[in-house]
Amino acid sequence: MATFSTSQPLSLPRHPSLSNPNHPTTNNERSRHTISLIDRCADLRQLKQIHAHMVRTGLFNDPYSASKLFAIAALSPFASLDYACKVFDQIPQPNSFSWNTLIRAYASGPDPLRSIWVFLDMVSESQSYPNKYTFPFLIKAAAEVSSLSLGQSLHGMAIKSAVGCDVFVANSLIHCYFSCGDLDSACKVFTTIQEKDVVSWNSMITGFVQKGSPDKALELFKKMESEDVKASHVTMVGVLSACAKIRNLEFGRRVCSYIEENRVKVNLTLANAMLDMYTKCGSIEDAKRLFDQMEEKDNVTWTTMLDGFAILEDYEAARDVLNSMPKKDIVAWNALISAYEQNGKPNEALLVFHELQLQKNTKLNQITLVSTLSACAQVGALELGRWIHSYIKKHGIRLNFYVTSALIHMYSKCGDLEKAREVFDFVEKRDVFVWSAMIGGLAMHGCGNEAVDMFFKMQEANVKPNGVTFTNVFCACSHSGLVDEAESLFNQMESSYGIVPEDKHYACIVDVLGRSGYLEKAVKFIEVMPIPPSASVWGALLGACKIHANLSLAEMACTRLLELEPRNDGAHVLLSNIYAKSGKWESVSELRKHMRVTGLKKEPGCSSIEIDGMIHEFLSGDNTHPMSKKVYGKLHEVMERLKSNGYEPEMSQVLQIIDEEEMKEQSLNLHSEKLAICYGLISTEAPKAIRVIKNLRVCGDCHSVAKLVSQLYDREIIVRDRYRFHHFRNGQCSCNDFW
DNA sequence: CTAGGGTTAG
């Protein structure tokens with residue numbers, strides 16, 4: 001038998017007029033031979049050869065033979081849509097099969113909607129009618145582009161064409177409704193199927209898993225079992241994915257034994273799903289064992305394993321996996337970058353990003369950019385963030401919701417609120433995350449009223465707020481003292497927006513009330529909370545007590561907070577200072593001893609500043625920076641100049657998170673933000689703004705110093721502290737000294 | 001002669 005592994009001339013039956021008239025082969029046999037050759041074609045050249053032959057012999061005029069050739073042209077591994085279309089146009093009267101084939105080819109091509117245009121041609125211009133094979137392809141196209149209205153129209157047409165009850169049509173509708181987010185319709189279709197097959201169940205199970213209801217997927221699986229439907233390997237993939245999402249190792253293990261007992265065929269995809277379940281559920285031993293057993297591995301296998309180590313924060317092992325990958329792809333790089341970024345290691349994430357850029361064959365994608373922008377936001381790497389933004393523009397990368405939110409978030413957190421607004425205004429469509437990012441940005445910069453306005457504009461745009469939106473709005477209210485607005489929105493959260501307040505929302509309201517001086521009200525609010533107050537709730541109250549110098553309440557809040565978070569360093573230091581202020585010296589020494597014994601230390605103040613794309617970090621009292629001497633020289637000069645302009649160091653805030661050692665640093669003006677600002681003065685020129693990021697709250701003295709420097713040195717200074725931004729300009733701060 | 005459901009990174 002002839003097989004064509006490489007392109008060779010074909011031995012085609014000869015033209016009837018040329019063949020020996022006495023030769024016994026009939027036309028029928030000749031066409032059978034030609035058609036069997038079509039099936040064994042290995043490339044387009046061979047196919048075209050047969051095509052030419054068929055035209056010459058007239059075989060192409062036979063609808064069956066022509067459709068056979070066309071199907072290979074459109075669907076084989078070496079298919080060419082261009083060529084297939086030309087073949088199709090030559091078919092005199094394409095039958096339904098040929099139309100279906102063309103629709104199928106387009107539906108799984110790069111532009112699925114083109115299959116709809118073919119369908120319209122079929123309906124309007126041909127004698128062929130759509131049948132039960134036609135609709136699954138079209139519905140698949142609708143699913144691909146997530147067009148609910150298209151899916152609904154096709155659903156209606158399928159019913160009119162009397163194929164609405166066909167199980168293939170119904171199954172593709174389930175898939176389509178899920179991908180359009182219309183879960184109710186998907187369920188309705190499912191319940192109307194008379195004879196559900198395993199694919200019907202699988203479509204439901206994977207639909208629920210992918211749309212964020214893994215628990216429902218597991219329920220369905222149990223129901224499927226109780227109805228004695230035999231699960232397939234695709235069922236297993238879906239169920240394992242559900243287990244991975246809800247971190248249910250026990251159920252996941254049961255699924256694995258089910259697979260063994262029922263001899264479900266374990267292919268690569270299923271093995272990968274098992275691996276993912278083990279890693280996500282935290283059983284790295286099982287994962288390692290499976291990984292070592294797997295004979296065949298693909299990039300999914302490697303990346304899943306990489307992520308498994310990253311989850312355990314074993315970055316060395318994760319890195320080893322990346323290094324061992326035969327063909328590293330962007331997904332694997334993204335996994336490492338995002339692992340660092342999401343575990344509070346943004347600098348490491350940026351290092352990996354820089355390394356990735358040196359790889360010639362790996363193209364960044366939207367996910368790379370989202371993770372990296374998020375890392376930029378954390379460290380305040382505005383220059384790199386800007387570079388990524390221009391990269392996005394230059395390469396025409398689409399601003400989807402993720403990328404848009406990430407850009408807004410990056411610009412906001414790096415202190416460039418105007419740029420954040422530009423991005424927000426530029427995009428045409430905004431989802432809840434884009435709106436929330438913008439509201440959050442306004443909140444950080446103390447634009448409370450604008451944030452609240454934005455919240456209402458969002459409703460006008462028919463975008464429903466979520467829990468994050470409310471957190472950001474409350475945060476905005478808090479920084480701007482908008483007590484009434486916050487209270488009124490809080491009261492509507494559940495009744496009007498259907499969002500059950502969580503502990504972070506309660507903490508926000510306590511913060512709003514407390515900051516504005518309504519300490520009693522805040523306490524009452526905590527007392528009537530329907531859920532037990534969390535550490536962040538007490539933390540918010542404590543913060544308010546600090547601002548308003550309420551010692552007794554602070555002591556209570558501190559005690560509650562330490563019950564919930566025994567290793568909260570700030571609360572310890574603060575409590576010891578409270579005791580000191582109240583003369584409870586025994587309690588002070590007890591607490592200090594406790595801290596020494598348990599090795600609890602106050603997180604050191606740290607400020608950073610980006611110069612020419614490099615992040616420079618300063619700890620308080622730091623002299624490790626290469627330009628340390630010059631920085632201190634500048635600091636001395638600044639302080640002298642400030643003093644001669646009437647500045648007096650502020651040494652007596654009532655409550656501060658300062659430990660004994662820091663007292664000395666405080667008196668010597670060694671706070672990290674002062675060092676970073678001085679470094680900024682040395683290494684940049686006006687009118688460039690000095691942007692500093694601090695890990696803790698900016699202290700009162702540094703705040704006054706920054707105000708004066710902005711005036712006397714005529715420099716804009718932008719400081720991001722743990723909670724918000726301070727824009728210092730002409731001796732004023734954007735926070736109006738309310739923070 | 002045709003068809004549907006699947007795993008990794010935000």
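The values are calculated or read from the model by the stated rules, or taken from the named source; none is laboratory data. Quick caveat, the model's predicted, so the values are computed rather than measured. Neighbour counts run over all protein chains shown; Cβ positions are idealised from the backbone, glycine included. Heads up: the accessible areas ignore ligands, DNA and RNA and are worked out on the full protein's heavy atoms, side chains in. Shrake-Rupley method; radii C 1.70, N 1.55, O 1.52, S 1.80 Å.
Here are the numbers for this structure:
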| read-out | value |
| --- | --- |
| Neighbourhood net charge (15 Å Cβ-Cβ; Lys/Arg +1, Asp/Glu -1) for A:Ala73 | +2 |
| Loop trypsin sites (Lys or Arg not before Pro), region A:425-526 (other Cβ atoms within 10 Å of the site Cβ: 12 or fewer; DSSP) | A:Lys429 |
| Relative contact order computed over chain A (Cα-Cα under 8 Å; 6+ residues apart), in percent | 5 percent |
| Stretch gain in nm, segment A:Glu219-A:Ser324, where the contour uses 0.36 nm per residue and the Cα spacing is subtracted | 33.9 nm |
| Helix A:585-598 axis, angle to chain A major axis (alpha carbon atoms, nearest 10°) | 30 degrees |
| Chymotrypsin sites (Phe, Trp or Tyr not before Pro) within region A:272-317: DSSP coil, no more than 10 neighbouring Cβ in 10 Å | none |
| Point-to-point label distance, A:Ile159-A:Ile531, nm (Cα→Cβ direction, 7 Å offset) | 4.2 nm |
| On Cα atoms only, tilt of A:315-324 relative to the major axis of chain A in degrees | 30 degrees |
| Per residue accessible area of chain A, 1.4 Å probe, in Å² | 49 Å² |
| Helix A:214-226 vs. chain A, principal-axis angle (Cα, 0 to 90°, nearest 10) | 40 degrees |
| Gain on full stretching of the segment that runs from A:Glu260 to A:Asn131 - 0.36 nm per residue minus C-alpha separation | 42.4 nm |
| Cα-only radius of gyration and Dmax that characterise region A:607-733, units Å | 13.4, 39 |
| Cα-based convex hull, region A:239-318, per residue volume (Å³, whole number) | 81 Å³ |
| Additional length obtainable on full extension of the chain from A:Asn95 to A:Asp184, 0.36 nm per residue less Cα span | 28.4 nm |
| Rounded percent of accessible protein surface that carbon and sulfur make up, region A:607-733, 1.4 Å probe | 49 percent |
| Cα-Cα pairs of chain A separated by more than 38 Å (percent) | 55 percent |
| Förster-model FRET efficiency, 51 Å R0, A:Glu590 and A:Phe456, C-beta, rounded to 0.05 | 0.50 |
| Taking region A:607-733 and dividing mean pair separation by its residue count, relative contact order in percent (alpha carbons under 8 Å, at least six apart) | 26 percent |
| Computed [θ] at 222 nm, deg cm²/dmol, chain A (DSSP H ≥ 4; -39,500 (n - 2.57); rounded to nearest 500) | -20000 deg cm²/dmol |
| Charge-dipole axis of region A:540-635 as Lys and Arg at +1 and Asp and Glu at -1 on Cβ define it, positive-most pick from A:Cys545, A:Leu564, A:His594 | A:His594 |
| A:Trp739 accessible area, assembled protein chains, probe 1.4 Å, Å² | 40 Å² |
| Sparse-neighbour loop sites [GluC sites (Glu not before Pro); region A:124-207; at most 13 other C-beta within 10 Å; DSSP] | A:Glu195 |
